[in-house]
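Structure, as structure tokens:
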Amino acid sequence: MKIIKILLCILVIISFKANGQNHSVSLVDFVNPLVGSDSAFELSNGNTYPAIATPWGMNFWTPQTGEMGNGWGYTYDANKIRGFKQTHQPSPWINDYASFSLFPETGKLEINEDKRASWFSHKAEISKPHYYKVYLADYDVTTEIVPTERGAQFQFTFPKTDNAHVLVDGFFKGSMVKVFPEERKIIGYCRNNSGGVPENFHNYFVIYFNKDFEASQTWETNKKSKADNNKLSQALVAEGYHVGAALSFKTENNEKISAKVASSFISLEQAELNLSREIGTDTFDQTKTKAAAVWNTELGRIEIEGGTVEQYRTFYTALYRVLLFPRKFYELNAADEVVHYSPYNGKVLSGYMFTDNGFWDTFRAVFPFFTIMYPDFTSKVMQGLVNTYNESGWLPEWASPGHRDCMVGSNSAINIADAYLRGIRGYDIETLYEAILKNSKSVGPVNSVGRYGADYYNDLGYIPYDVGVNENAARTLEYAFADWSIAELGVALNKPQKEIDLFRGRSLNYKQLFDPEIGFMRGKNKDGSWAKTFTPDKWGDAFTEGSSWHWTWCVFHDPIGLANSFGGIEKMRNRLDAVFTAAPTFNDSYYGQQIHEITEMLVGDMGQYAHGNQPIQHAIYLYNWLEQPWKTQMHAREIMDKLYSSAPDGLCGDEDNGQTSAWYVFSAIGFYPVTPGTGQYAIGSPLFKNVKLHLQNGNTFEIKAPKNSKDNIYINAIYKNKSPYTKNYITYQDIMNGFVFSTDMSSKPNRNLGIEQSSKPYSMSQN
């Protein structure tokens, strides 16, 4: 009872100001998990699904509109639901693993996932991070879900009927169910995955109902086809390619049948333990209250004031997305010890493990956000990286749940360096440094792990265009930034100067691919000649999911050095200006079709600017180095206002594990981490009149902008603790110390602010 009282205290109504008016609301109510779900293969407005979950939860839950195995598991334009599934999907392109589902029916028992699907309407749907509710019109049943980290509670409201059913679908690629009628219980496992798992991979689950079964059946589909070949059986156990269970009840009108669910990657016993620990005897409403309290606590770490209600919704919806990944892949055993099933060697081992993250995306803003707001969590993630290296021999770059062959780069080094350089400890940094060095020398078990093309890069200083290594220029640019990170980490760890100099020298390899005659990055052949197929608007080929218009700016650690390559700041600035004024032309010959990222650039109506994909997202902040920070302020507001909302189409491309949302969170606060590792954050245009970051060290960092408005988007002056401040960046230490920054906002740019050399953030060539 004491716990409940504490939780209720956490859930007290929060007062805030929007446009000068007082409002009262629980922060979780601002969040719309449906954001980004109005997406399709051809056009992404986020490519997300409504994740009913707790922050970084091991399991999420979502309504399922797409067929089993479809990466677009829930799309806003769908009109039928076929299940409510436990999901671990980080992206439709990576797809899901360890999924099973529950689904209520009335009348004739229907197993086939197409035939059982019920009409629904968004008018009869409530979606919150901690709570989901929908009415299934075909069955006159309402389904509700509330989450825990490793489980959930379901509540099905049935009409009066002698034929109420709940299906438990174990999904394809191997599953098992076993019914215990006397215990109102089902156990089972599912093995479905999309790669990156050992042979002994299982997701074990346990489900308890609050009502006796009138009847229970199992079913099996052995054929790998969409044919209606489900075979019902009175047997209490089924095991095979695709099995499930059908539980039947007699119900009174508006009778609620509840199901408590939990799962484990370790064992059935651990699944039972997870259920007991996280749900136990709690009612549905108690679990709902606890889940809301968890979200309100995390969302409440950032306090905003002075915007529109829609801006509040967009901000907290974006923050919710940032706090979903990486997913916890560890559990607590009976002795409360942290343990995990290793997706790398199939063993159950001690320590932390995290998964479902593509560092190609998240090194840019998600992990820098964690170093500020969640240093303790970052430390655990670093411990997880140590375990990943010890168990697989490599650092992850795209894990789901194990190593996956997706994207480019060597970005784990960037996350590790930024964490250590920000003073975050509690993990074996020497092992991680050893792993970083290994990653820099060769390719791993898949091309995205280690460095594909490392021999060429380390020998020539770039990966040639004509040696069969795809997306070679993009890889070169990303390896160069990773090398800068390694050098900075080497300094902090007192590594040999020769080693530091090696990586510092390699960090300048970006210069190998810059063609000063045309002012673009481009592919270079092994003999040193330029690739002849180049056009600046050619997507793919030498680059990854973008063109040279987007990748030319990917010199995070040396914007001034890049400007020197252009022939000076003015020439670089002119080319950056041209990104927004150039015609949105494109060459899709590498892909053979207009990929969705191209379409997203076109419909954004911002020239060659392609915010829907990650490579160029930092570029507008480069004006802070180019002596026109007011253009950063202008573009930041334009992008926030134009490309983001809390609506189902409220994102502008792949959301990608929180990165596109993290861009918004940082930008709305008023700064952005262009160069993780420096502890400097380029100033933009704060969206709210007041923002407070409540830090884990007990301090509060604040940005005040009392004159902020739709028109007043420019910074006329900045004050740090009431003293004039002329730099174009804020430091990590200033944030951690809880300083107050005040900005005098204006409708007209101050073209003299922040143009001095001393105002510019770090750049390797000037520091």
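The values are calculated or read from the model by the stated rules, or taken from the named source; none is laboratory data. The shown structure was predicted, so the numbers you read here are calculated from the model rather than taken from an experiment. Backbone-built Cβ (ideal geometry, glycine too); neighbour counts: all protein chains shown.
Could you tell me whether GLU430 is under 30 Å from the mean Cα position of the chain (by Cα), buried (at least 19 other Cβ atoms within 10 Å of the Cβ) and in contact (Cβ under 8 Å) with a residue 60 or more places away in the chain? Judged against the criteria, GLU430 is not a match. Here the stretch 204-258 is the region considered, the condition is being of a type in the set (Ser, Thr, Tyr) and in a loop (DSSP other than H, G, I, E, B), and the residue that is modelled with the highest pLDDT is TYR241.
One line per residue, one yes/no per condition, for (1) aromatic (Phe, Trp, Tyr); (2) at pLDDT below 95; (3) within 24 Å of PRO706 (Cα to Cα):
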{"position": "ASP605", "(1), (2), (3)": "no, no, no"}
{"position": "TYR609", "(1), (2), (3)": "yes, no, no"}
{"position": "TRP625", "(1), (2), (3)": "yes, no, no"}
{"position": "ALA636", "(1), (2), (3)": "no, no, yes"}
{"position": "ALA647", "(1), (2), (3)": "no, no, no"}
{"position": "GLN659", "(1), (2), (3)": "no, no, no"}
{"position": "VAL665", "(1), (2), (3)": "no, no, yes"}
{"position": "VAL674", "(1), (2), (3)": "no, no, no"}
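Could you list, in sequence order, all residues of the stretch 501-554 that are modelled with pLDDT under 95 and hydroxyl-bearing (Ser, Thr, Tyr)? Answer for the stretch 501-554, where residues must be modelled with pLDDT under 95 and hydroxyl-bearing (Ser, Thr, Tyr): just THR533.
Out of the residues in the stretch 105-127 that are assigned to a helix (DSSP H, G or I) and over 15 Å from ASN79 (Cβ atoms), which is farthest from the chain's Cα centre (by Cα)? Residue satisfying both the conditions and the ranking: LYS115. Of all residue pairs spaced 6 or more apart or on separate chains, those with beta-carbon atoms under 6 Å, a first member in the stretch 736-748 that is on the phi > 0 side of the Ramachandran plot and a second member that is surrounded by 17 or more Cβ atoms within 10 Å (Cβ to Cβ) are GLY738/PHE701. The residue that is nearest to TYR462 (Cα to Cα), among those in the stretch 516-533 that are charged (D, E, K, R) and surrounded by fewer than 17 Cβ atoms within 10 Å (Cβ to Cβ), is LYS526.
Scanning the stretch 419-441 for residues that are of a type in the set (Ser, Thr, Tyr) and under 19 Å from THR731 (Cα atoms) yields a single hit, TYR420. Counting the residues of the stretch 504-524 that are in contact (Cβ under 8 Å) with a residue 24 or more places away in the chain and either of a type in the set (Phe, Trp, Tyr) or part of a loop (DSSP other than H, G, I, E, B) (or both) gives 9. Just checking, does the stretch 551-564 include any residue being in contact (Cβ under 8 Å) with a residue 60 or more places away in the chain, more than 23 Å from ALA482 (Cα to Cα) and crowded, with 24+ Cβ neighbours inside 10 Å? Within the stretch 551-564, none of the residues are in contact (Cβ under 8 Å) with a residue 60 or more places away in the chain, more than 23 Å from ALA482 (Cα to Cα) and crowded, with 24+ Cβ neighbours inside 10 Å. Residues in the stretch 282-330 that are of a type in the set (Ser, Thr, Tyr) and within 18 Å of LEU695 (Cβ to Cβ): THR297 only. Taking ARG150 as the residue in question, decide whether it is touching a residue at least 24 places away in the same chain (Cβ under 8 Å), basic (Lys, Arg) and crowded, with 24+ Cβ neighbours inside 10 Å. Yes.
Among the residues of the stretch 155-165, those identified as surrounded by fewer than 24 Cβ atoms within 10 Å (Cβ to Cβ) and outside any loop (DSSP other than H, G, I, E, B) are GLN155, THR157, THR161, ASP162, ASN163. Does HIS557 satisfy the criteria of being part of a loop (DSSP other than H, G, I, E, B), within 23 Å of the chain's Cα centre (by Cα) and of a type outside the set (Phe, Trp, Tyr)? Taking the combined requirement at face value, the residue does not satisfy it. Applying the criterion of being surrounded by fewer than 23 Cβ atoms within 10 Å (Cβ to Cβ) and aliphatic (A, V, I, L, M) to the residues of the stretch 300-319, the residue that is nearest to TYR374 (Cα to Cα) is ILE302. Going by what's in this entry, would SER379 be described as within 27 Å of SER507 (Cα to Cα), among the hydroxyl-bearing types (Ser, Thr, Tyr) and either touching a residue at least 24 places away in the same chain (Cβ under 8 Å) or touching an Asp or Glu at 6+ places or on another chain (Cβ under 7 Å) (or both)? Spelling it out, SER379 is indeed within 27 Å of SER507 (Cα to Cα), among the hydroxyl-bearing types (Ser, Thr, Tyr) and either touching a residue at least 24 places away in the same chain (Cβ under 8 Å) or touching an Asp or Glu at 6+ places or on another chain (Cβ under 7 Å) (or both). Counting the residues of the stretch 525-541 that are within 19 Å of GLN594 (Cβ to Cβ) and touching a residue at least 12 places away in the same chain (Cβ under 8 Å) gives 7. State yes or no: is SER91 surrounded by fewer than 24 Cβ atoms within 10 Å (Cβ to Cβ), in a strand (DSSP E or B) and touching a residue at least 24 places away in the same chain (Cβ under 8 Å)? When the stated conditions are applied, SER91 does not pass them.
Taking the stretch 685-752 and the strands (runs of 3 or more DSSP E) fully enclosed by it, the elements with 3 or more residues that are under 28 Å from the mean Cα position of the chain (by Cα) are at 690-694, 700-704, 729-731. All but one of (1) touching a residue at least 24 places away in the same chain (Cβ under 8 Å); (2) surrounded by fewer than 24 Cβ atoms within 10 Å (Cβ to Cβ); (3) assigned to a strand (DSSP E or B); (4) not basic (Lys, Arg) hold for GLY195, so report the exception by its number. If we test GLY195 against (1) touching a residue at least 24 places away in the same chain (Cβ under 8 Å); (2) surrounded by fewer than 24 Cβ atoms within 10 Å (Cβ to Cβ); (3) assigned to a strand (DSSP E or B); (4) not basic (Lys, Arg), just (3) comes out false.
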